[in-house]
Amino acid sequence: MSTAPPSTLSPSQVPVGVDPSRPSVARIYDGFLGGNHYYEVDRAVMDKISAAVPEAVHIARGNRGFHNRALRLLANQTDIRQFLDCGSGLPTAENTHQIVQRSHRDAHVVYVDNDPVVLAHGRALLAENDYTHMVEADIFRPSMVLENETVREYIDFSQPVGLLHIGTMHHYEGDGAVEVMREYIDALAPGSFVALAHFYDPEVEELTAVAKRIEEILVSGPLGAGRFRTRVEIEAMMPGLELLPPNATSGPGLSVADEWWPDGPRLTALSESARCVAGVVGRKL
């Protein structure tokens, strides 16, 4: 039984499928990453965001870079061999199963999404991978995911799990985001890890202005959602977890996504947009 409070669905939480008259979060994200699975209606939203904040593409790239680095850490430095990827989106370079199965060929990965286009692309990609599966469910209703027959078949919740919510919870409207994440975390065994990436309001005047410009386009437009939350609000979505330090010089907690254990030294400054997406990883004790 789900304990997360009910919420009025925003347009971005309703599956779009192949409807060319409605923009899709998955297609827009794919477009910002250089993909071509989008329609003119998606391009219109991308153009509005880019006009308001020309470097907004750095948010999508920062989000994806955090995903890749967090997974490499979990695959190479923990004993976790099963991963639940909520809101997986359209397949792109370096998908979850490709990263973790590069280190452990028998690692199980279950992707969860409710967009028919995402499901079709994902199932085609995974047709010959016996350790990776695609599930249709609403990720904002944890019981639908946690009680799903395929999830239960391939994810053993008595053992540690790697749970991914990468670029998902900022599309949840209302006050129930913490309870949604709590329900997932409560279902995990000790030793599990949770990776969360989220639109970020750094509460610095010039950066908050960038965040609010993008948020206005997303929330007031046809998508109807895309909240930039503060450090306190995002870290509250990791209840009961021990948060990892995001780099060698910071204490435990979230950081700008591009600064979460970067692959090497940075030779150029991060853009303002890049500083408006954050990542955090926590361990359940």
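The values are calculated or read from the model by the stated rules, or taken from the named source; none is laboratory data. Please read these numbers as outputs of a predicted model, since none were measured by experiment. For neighbour counting, all protein chains shown are included, and Cβ atoms are generated from backbone atoms with ideal geometry for every residue, glycine included.
Quick notes on this one:
- Residue satisfying all of: in segment 76-125; among the aliphatic types (A, V, I, L, M) and in a helix (DSSP H, G or I); farthest from ALA197 (Cα to Cα) among these: ALA124
- When ASN129 is tested against (1) in contact with a helix residue (DSSP H, G or I) (Cβ under 9 Å, 6 or more places away or on another chain); (2) crowded, with 17+ Cβ neighbours inside 10 Å, just one condition goes unmet, and that condition is (2).
- Looking across ASP258, ASP263, one residue alone is acidic (Asp, Glu) and in a loop (DSSP other than H, G, I, E, B). It is ASP263.
- Filter pass, ARG81 being under 24 Å from ALA211 (Cβ atoms) and either charged (D, E, K, R) or modelled with pLDDT of 90 or more (or both): no
- Criterion: acidic (Asp, Glu) and within 19 Å of the chain's Cα centre (by Cα) - qualifying residue of GLU235, GLU242, GLU216: GLU235
- Residue under evaluation GLY224, criteria (1) under 25 Å from SER24 (Cα atoms); (2) part of a helix (DSSP H, G or I), criterion not met: (2)
- Matching residues, segment 36-73, being crowded, with 19+ Cβ neighbours inside 10 Å and among the acidic types (Asp, Glu): ASP42
- ARG229 falls short on exactly one of the conditions (1) within 28 Å of ALA52 (Cβ to Cβ); (2) crowded, with 17+ Cβ neighbours inside 10 Å; (3) in contact (Cβ under 8 Å) with a residue 60 or more places away in the chain, and that condition is (3).
Per-residue answers, yes or no, for (1) under 15 Å from the mean Cα position of the chain (by Cα); (2) of a type in the set (Phe, Trp, Tyr); (3) buried (at least 17 other Cβ atoms within 10 Å of the Cβ); (4) at pLDDT 90 or above:
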site	(1), (2), (3), (4)
HIS121	no, no, yes, no
ILE155	no, no, yes, yes
PRO160	no, no, yes, yes
GLY167	yes, no, yes, yes
TYR172	yes, yes, yes, yes
ILE185	no, no, yes, yes
GLU206	no, no, no, yes
ALA211	no, no, yes, yes
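- Filtered by the rule that a residue be among the small types (Gly, Ala, Ser) and part of a loop (DSSP other than H, G, I, E, B), segment 131-163 gives ALA137, SER158.
- Residues being under 16 Å from ARG213 (Cβ atoms) and modelled with pLDDT under 70 - total across segment 5-61: 0
- In segment 246-270, the residues that are touching a residue at least 60 places away in the same chain (Cβ under 8 Å) reach residues that are part of a loop (DSSP other than H, G, I, E, B) with C-beta atoms within less than 7 angstrom, at least six apart or across chains, in these pairs: VAL256/LEU270; ASP258/LEU270; TRP260/PRO246; TRP260/ASN247; TRP261/PRO246; TRP261/ASN247.
- Hey, LEU84 surrounded by fewer than 20 Cβ atoms within 10 Å (Cβ to Cβ), of a type in the set (A, V, I, L, M) and within 23 Å of SER24 (Cβ to Cβ) or not: no
- Any hit, segment 88-98, residues being without any contact (Cβ under 8 Å) to a residue 24 or more places away in the chain, within 18 Å of the chain's Cα centre (by Cα) and more than 15 Å from ALA26 (Cα to Cα): yes
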